[in-house]
């Protein structure tokens, strides 16, 4: 009898949790002022905004996962190309010196600037790579209505690392340096430079394909389908 009572209480707790999750799923909080809104269906291409501060709440974009996945794969390819070829070649008085992105990090470490080398490696190479790989870890299974383990943790990690990905700062700094060196040396831009520039464009484009709220909604839907399938099997 005690076991039956425990089972009944557990069933009530599960049911209460489902009711709370259902109510919460119908609400969306503004990321700027935290005002709660009831989520409504909007047309494709439309955008819902906060009634208090007019900040963007969520959008409804057609084929957002497919488009974000295509851009993410292209960005990963450009990342590999950008690190596989010379970034530029400088010729001064007949002496040529080529440089890649990773060689710039090595140069800083060889000069004893270990902290700056670690910062550059993290912000320019490591964090962007983790962000792109994590995004593909989420999008590829969602494209096939699946959900890999720890997908929520990966999503939170991507959101946390996004402000620390500073490839565009490196690109702007390189452009400024090239303008100043153009009068003193002959500079030839390598494949890596153009791939890195395209990588920055693709990174910005990926943010336009799908927003964090929509991505979290897709993850929740995949989790619900997985729970429903598990219940049917049991």
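The values are calculated or read from the model by the stated rules, or taken from the named source; none is laboratory data. Being a predicted model, the structure only gives us computed values, none of them experimental. Cβ placement follows ideal geometry from the backbone for every residue including glycine, while neighbour counts extend to all protein chains displayed.
Tell me yes or no: at least one residue of region 192-207 is surrounded by fewer than 14 Cβ atoms within 10 Å (Cβ to Cβ), at pLDDT below 75 and either outside the structural domain of residue 146 (by TED's automatic domain parsing) or part of a helix (DSSP H, G or I) (or both).
There is at least one residue in region 192-207 that is surrounded by fewer than 14 Cβ atoms within 10 Å (Cβ to Cβ), at pLDDT below 75 and either outside the structural domain of residue 146 (by TED's automatic domain parsing) or part of a helix (DSSP H, G or I) (or both).
Please find, among 116, 126, the residue that is without any contact (Cβ under 8 Å) to a residue 40 or more places away in the chain and either under 14 Å from the mean Cα position of the chain (by Cα) or surrounded by 18 or more Cβ atoms within 10 Å (Cβ to Cβ) (or both).
Going through 116, 126 in turn, the sole match is 126.
Is it the case that region 39-48 has a residue that's under 21 Å from residue 190 (Cβ atoms), surrounded by 15 or more Cβ atoms within 10 Å (Cβ to Cβ) and either touching a helix residue (DSSP H, G or I) at 6+ places or on another chain (Cβ under 7 Å) or not assigned by TED's automatic domain parsing to the domain that holds residue 158 (or both)?
No - not one qualifying residue is present in region 39-48.
On the given criteria, is residue 174 surrounded by 14 or more Cβ atoms within 10 Å (Cβ to Cβ), assigned by TED's automatic domain parsing to the domain that holds residue 90, touching a helix residue (DSSP H, G or I) at 6+ places or on another chain (Cβ under 8 Å) and modelled with pLDDT of 80 or more?
no
Evaluate the following for residue 101: is it touching a helix residue (DSSP H, G or I) at 6+ places or on another chain (Cβ under 9 Å), without any contact (Cβ under 8 Å) to a residue 12 or more places away in the chain, over 30 Å from residue 55 (Cα atoms) and surrounded by 13 or more Cβ atoms within 10 Å (Cβ to Cβ)?
Against the criterion (touching a helix residue (DSSP H, G or I) at 6+ places or on another chain (Cβ under 9 Å), without any contact (Cβ under 8 Å) to a residue 12 or more places away in the chain, over 30 Å from residue 55 (Cα atoms) and surrounded by 13 or more Cβ atoms within 10 Å (Cβ to Cβ)), residue 101 does not qualify.
Does residue 148 meet the test of being within 30 Å of residue 216 (Cα to Cα), surrounded by fewer than 13 Cβ atoms within 10 Å (Cβ to Cβ) and more than 14 Å from the chain's Cα centre (by Cα)?
yes
Only one of 186, 110 is in contact (Cβ under 8 Å) with a residue 24 or more places away in the chain, exposed (fewer than 15 other Cβ atoms within 10 Å of the Cβ) and either in the same structural domain as residue 215 (by TED's automatic domain parsing) or over 16 Å from the mean Cα position of the chain (by Cα) (or both); which?
Checking each option against the conditions leaves just 186.
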